[in-house]
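Please read the structure below before turning to the comments.
Read the figures in this text as sums done on the coordinates, not as results from a lab. What you see is a predicted model, and the numbers here were worked out from it, not measured in a lab. Backbone-built Cβ (ideal geometry, glycine too); neighbour counts: all protein chains shown.
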Amino acid sequence: MSKPKIIQKLKIRNSNIGKKELEKIFDIFFQQISDALQDMRSIEIRSLGTFFIKEIKEKKQARNPRTGEIIYVPKRNKIRFRASKRLKEIINK
């Protein structure tokens, strides 16, 4: 589902709030999630799941599959999501 569709559904459920205000709320919400992840904090949203950062270790020797050349891969962070028990139950009905 895209951002405009989500905002449209929010507008239907909350007709007293303007579309511009809903867009601003939506942007602030995701900006806060992004800021927390950049600070290496996890975010737990009840009945949805948890977003967290996992550090991927560096690889001193890896191969480029195209050329076979040995390359260095630095450590990096990846965003992970762990679904809540309730969300898993809803999906698997």
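For the reader, a short list of remarks on this structure follows.
- Residue match in the range 48-55 (condition: farther than 18 Å from residue 34 by Cα and either without any contact (Cβ under 8 Å) to a residue 12 or more places away in the chain or within 18 Å of the chain's Cα centre (by Cα) (or both)): no
- Pick from the range 56-88, criterion closer than 27 Å to residue 41 by Cα and surrounded by fewer than 10 Cβ atoms within 10 Å (Cβ to Cβ), ranking: nearest to the chain's Cα centre (by Cα): 78
- All positions within the range 23-55 that are β-branched (Val, Ile, Thr) and surrounded by 11 or more Cβ atoms within 10 Å (Cβ to Cβ): 25, 33, 43, 45, 50, 53
- Test result for residue 21, farther than 28 Å from residue 76 by Cα and either among the acidic types (Asp, Glu) or touching a His at 6+ places or on another chain (Cβ under 9 Å) (or both): yes
- Residues in the range 10-22 that are surrounded by 11 or more Cβ atoms within 10 Å (Cβ to Cβ) and either among the small types (Gly, Ala, Ser) or within 24 Å of residue 81 (Cα to Cα) (or both): 10, 18.
- The range 1-47 - residue that is hydroxyl-bearing (Ser, Thr, Tyr) and under 17 Å from the mean Cα position of the chain (by Cα) and, of those, nearest to residue 89 (Cα to Cα): 47
- Those residues of the range 3-39 which are under 30 Å from residue 54 (Cα atoms) and either touching an Asp or Glu at 6+ places or on another chain (Cβ under 7 Å) or touching a residue at least 24 places away in the same chain (Cβ under 8 Å) (or both), in sequence order: 37
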